[in-house]
Amino acid sequence: MGYYTFYVLTARNIKDEQRYNELVAAMVKMELYATENTDGVFDIGHYYEKDKEAVFDSYDETKWYEHDYDMMKLSKLFPEVTFKLHGEGEEKEDLWNKYFQNGAIEECMATITYPQPIEIEWEE
């Protein structure tokens, strides 16, 4: 069985298309980016030259238990790039962003809040 998560990876500070292609090649080698011959977590990637940013989407929910290790390793290969990995898990409140740069990781869990109604009285 296992736990499935939908992932979106954003990579910032990619200086040009050549560096983007190097990033994709590294992701293919690490089996993170799918090709015709291999599976991967991500199968869609776009480079936005104006913003110096790339965005990768997973086609569907997937199991990727080693994402912290893999992303720390990838970030060490591209120390100038800042990565944000967004995850949406099977459970409704399992929403998070993890940031990676040169092997460092920082996790930010979502905080879900609901505002009180304005016109209708409702005491919590």
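FYI, it's all coordinate maths here, none of it is from the lab. Remember, predicted model here, so these are calculated numbers, not experimental data. So basically every Cβ, Gly included, is an ideal-geometry build from the backbone, and we count neighbours across all protein chains shown.
If I model a spin label as a point 7 Å beyond the Cα along the Cα-Cβ vector, how far apart are those points for Y3 and E17 in nm?
4.0 nm
For the chain, find the longest principal axis of its Cα atoms and tell me its angle to the long axis of helix 67-77, 0 to 90°, nearest 10.
Computed tilt is about 40 degrees.
Choose one of T38, V28, N102: the residue whose Cα lies farthest towards the positive end of the charge dipole of the range 5-109 (beta-carbon charges +1 Lys, Arg; -1 Asp, Glu; about the Cα centre).
Checked the options; the winner is N102.
Where does the chain land on Rg/Rh, using Cα atoms and the Kirkwood Rh? Intermediate results must be reported in sequence, preceding the final value.
Details: Rg = 17.2 Å, Rh = 15.8 Å.
With Rg and the Kirkwood Rh in hand, the quotient comes to 1.09.
Can you tell me how the range 68-110 classifies by the Cα gyration tensor, rounded, prolate or oblate, using a/c under 1.5 as the rounded cut? Present the calculation step by step, with values, prior to reporting the outcome.
On the way: a/c = 3.22, a/b = 2.51, b/c = 1.28.
Prolate.
Anything over 29 Å Cα to Cα? Flag those among K52/K92; K29/K50; K29/K92; K15/K92; K52/K98, in the order listed.
K52/K92; K29/K92; K15/K92
How would I14, I44, I120 line up from fewest to most surrounding beta-carbon atoms within 10 angstrom?
On the way: I14 23, I44 12, I120 6.
Ranked by crowding around the Cβ, least crowded first: I120, I44, I14.
Can you give me the relative contact order of the chain as a percent, contacts being Cα pairs under 8 Å and 6 or more apart? Don't skip to the end; give the middle numbers.
Details: 220 pairs, mean separation 32.6, N = 124.
Relative contact order comes out at 26 percent.
Cα axis of helix 17-29 to longest principal axis of the chain: angle in degrees, 0 to 90, nearest 10?
Between helix and principal axis, roughly 90 degrees.
I want to verify a result. In a Gaussian network model of the chain, Cα cutoff 10 Å, which of these has the top mean-square fluctuation: E66, E93, E36?
Fluctuation is largest for E36.
Determine, for W122, W64, W96, the number of other Cβ atoms within 10 Å of each Cβ, and report the residues in order from fewest to most. Write out the running numbers ahead of the final one.
On the way: W122 6, W64 21, W96 15.
Fewest to most other Cβ atoms nearby, the residues stand as W122, W96, W64.
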